Amino acid sequence: MSNPTIQTVPAIVPDEVPATPSDSRPGILQRGLQFLWRRDWRGFVLPLLALALWWGVTHFKLANTEVLAPPGAVLIEGLHQVFNGGFVWDLTASISRDLAGFTIGGLAGFALGTLLGTSRLAELLVAPSFNAVKQIALFAWIPMISVWFGMGEPAKVVFISLAAFYPVAINTFEGIRSVNRDYAEVARVYGFSRLQLWRRVILPAASPQIFTGLHLALIYAWLATIGAEYFLKSGYGVGNSMIDGREHFNMGSVLFGLVVVGSIGALLNQLAVRLEHRALKWRNRSA
Amino acid sequence: MSLTETLPVPALAAPAAAARTAQLLAGLRSRIWRGALALILPLAVLALWHAATLNGWVAQQILPAPTLVWSTLFDLWDSGELWTNLSISLTRVAWGFSAALVFGLALGVAMGLSKTAEAYLYPSFKAISEVPVLGWIPLLIMLVGIGEAMKILVIAKAAAVPITINTQQGIRNIPQAYLEVARVYRFNPRQLWLKVIFPSTLPSLFNGFRYGLTNAWLSLVTVELLASSEGIGYQMVWGRQLFQLDVVMACMVVIGVVGLAIDLVLQVIETRLLRWRRAAF
């Protein structure tokens, strides 16, 4: 401040470099406040109202508190579950059977979709039956699966595989069928081998739709995991803990399970979007 | 000029007609051929199934004979039991879907038209829809009991999500140019809704209805399997508990047929409703 020559320098800098907000370098507190200020808080009004209503109803005993636990008790129950309940076991059990089913169903679906996509004869033979069987609601298979595979892990994985199987099979089939014939023509001109044709032409061209199938399969498999745990009640799992919670009137456990089911679903969805984006990056580049 | 141009037409008509009949025949032949091929797999499975039960390769308790399933299906139908349960199930779907229609359309229109409504409502809607129906069932059972209200709420939630999303997006995606044309022609609000907003959101709306109804049927089956004392899903559970697997399989057939019927009806309605659109292209 005392030296005028130095003072001119910072006065020039903002002129040369276009003034950006980061130039002013606000402190972390200021930036945090700015972030909070700019954020759209209107979405929180409804949940907060619901929370207030919930609190009011339980606080003034307008409803049976045996059934409708107060928000505080639910929060404590949730924390209890995370830190010293069997939550970790439940979650690992659920996710591992989810992934097992997803892998088996996805591979089977990919195989069938590829077969139907490449062979007209196979399509004529199998596709009508496949479409007919597909009409049966997924959960309607549960009673038969429980007879054939019992109530344990195999039955659950079979059911989850079935859930993942349909979307992958359908989308792989449609993806392969929609490959532009000109591409295959070009490959033939260049004398591609069968393997090259598959690796270089058909699979890349069909990949967006195959990814769509895998993405759907990931979502369905998670749904099927929770469903399988509801219906085939043995062992651990997030679904088991929710059903147990309901039977013991433990609302904390049920609500906590609900949040976990939603979060894992959203997380899997995000993961699929990311992977899809990364795997299909080359397409955007060439376009 | 015009005469010479129209002249060749009658001359061509006879061969064209012959070609058309030939094409029709070929189409018929390929259709029969396709049908025959399509039947091979189901017939083979049926034959294997029949042989397996006939020769005792698989215990009757685990796999009932196909003929038994078939006769059970007719017995259940003749006794009226099947229809009673099915009508209970369909009534539930109708109630749940109607509730979803009212709620989903209102919410979708509100969020589609007003940014403010979207800012207030969308995050909550998103949070609720992010948790699948299956996750809500235990909570709903705790809150409203195991009765009819719970089932209808479950079905309504399943159907309302796609209806809301598609309604909102349909309204959002109306091309700005349409609205400008309407403004230029000084449409009154009623005209604006009937001639611009409704027709241009119709395909999207219909998409929502379609997913909504399919979801409603699927979640009905789920909720009836899980917690019900009547309905087609319950009949399955009942058959399973008594180890009457012929009843279970007959119910699976019925569930599949209803699913297919819902699909077909919606397809017919869609092509009817959206015909004007195709013609424009």
Complete set of residues in segment A:136-172 that are closer than 16 Å to B:LEU134 by Cβ and of a type in the set (Val, Ile, Thr): A:ILE142, A:ILE160
Filter result (surrounded by fewer than 16 Cβ atoms within 10 Å (Cβ to Cβ), hydroxyl-bearing (Ser, Thr, Tyr) and part of a helix (DSSP H, G or I)) within segment B:76-95: B:THR84, B:SER87, B:THR91
Selection count, segment A:105-161, where residues are touching a residue at least 40 places away in the same chain (Cβ under 8 Å), of a type in the set (S, T, N, Q) and under 20 Å from B:VAL247 (Cα atoms): 1
Single unsatisfied condition, A:GLY235 versus (1) in contact with a Ser or Thr (Cβ under 9 Å, 6 or more places away or on another chain); (2) at positive phi: (1)
In segment B:254-280, residue surrounded by the most Cβ atoms within 10 Å (Cβ to Cβ) [restricted to those that are at the interface with chain A (Cβ under 8 Å from one of its Cβ atoms) and in contact (Cβ under 8 Å) with a residue 40 or more places away in the chain]: B:GLY259
Residue satisfying condition, being without any contact (Cβ under 8 Å) to a residue 24 or more places away in the chain and β-branched (Val, Ile, Thr), within set B:VAL181, B:VAL154, B:VAL161, B:VAL109: B:VAL181
Any hit, segment B:132-153, residues being assigned by TED's automatic domain parsing to the domain that holds B:LEU220, farther than 22 Å from A:MET242 by Cα and modelled with pLDDT under 90: no
Criterion violated by A:VAL179 - all others in (1) more than 24 Å from A:LEU223 (Cα to Cα); (2) part of a loop (DSSP other than H, G, I, E, B); (3) within 9 Å of another protein chain (Cβ to nearest Cβ) satisfied: (3)
Counted residues, segment A:25-58 - those being surrounded by 13 or more Cβ atoms within 10 Å (Cβ to Cβ), closer than 20 Å to A:LEU255 by Cα and more than 30 Å from the chain's Cα centre (by Cα): 3
Selected residue (criterion: nearest to the other protein chains (Cβ to nearest Cβ)) from residues of segment A:250-264 that are surrounded by 18 or more Cβ atoms within 10 Å (Cβ to Cβ), touching a residue at least 24 places away in the same chain (Cβ under 8 Å) and not polar (S, T, N, Q): A:VAL261
Those residues of segment B:42-59 which are more than 13 Å from chain A (Cβ to nearest Cβ) and either loosely packed, with under 13 Cβ neighbours inside 10 Å or within 15 Å of A:LEU125 (Cβ to Cβ) (or both), in sequence order: B:ALA47, B:LEU48, B:ALA51, B:LEU54, B:ASN55, B:GLY56, B:TRP57
Residue match in segment A:135-149 (condition: more than 10 Å from every other protein chain (Cβ to nearest Cβ), surrounded by fewer than 19 Cβ atoms within 10 Å (Cβ to Cβ) and closer than 28 Å to B:VAL58 by Cα): yes
Residue list for segment A:265-281, restricted to those being facing chain B (nearest Cβ under 10 Å) and either outside any helix (DSSP H, G or I) or touching a residue at least 24 places away in the same chain (Cβ under 8 Å) (or both): A:GLY265, A:ASN269
Residue selected from segment A:218-249 under the condition in a loop (DSSP other than H, G, I, E, B) and either more than 9 Å from chain B (Cβ to nearest Cβ) or modelled with pLDDT of 90 or more (or both), by the criterion surrounded by the most Cβ atoms within 10 Å (Cβ to Cβ): A:GLY237
Residue list for segment B:234-243, restricted to those being free of Cβ contacts under 8 Å to residues at least 12 places away in the same chain, more than 7 Å from every other protein chain (Cβ to nearest Cβ) and within 23 Å of B:LEU46 (Cβ to Cβ): none
Qualifying positions in segment A:91-122 - of a type in the set (Phe, Trp, Tyr) and closer than 26 Å to A:PHE231 by Cβ: A:PHE102
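The values are calculated or read from the model by the stated rules, or taken from the named source; none is laboratory data. Please read these numbers as outputs of a predicted model, since none were measured by experiment. Cβ sites come from the backbone with ideal geometry, for glycine too, and all protein chains shown count toward neighbours.
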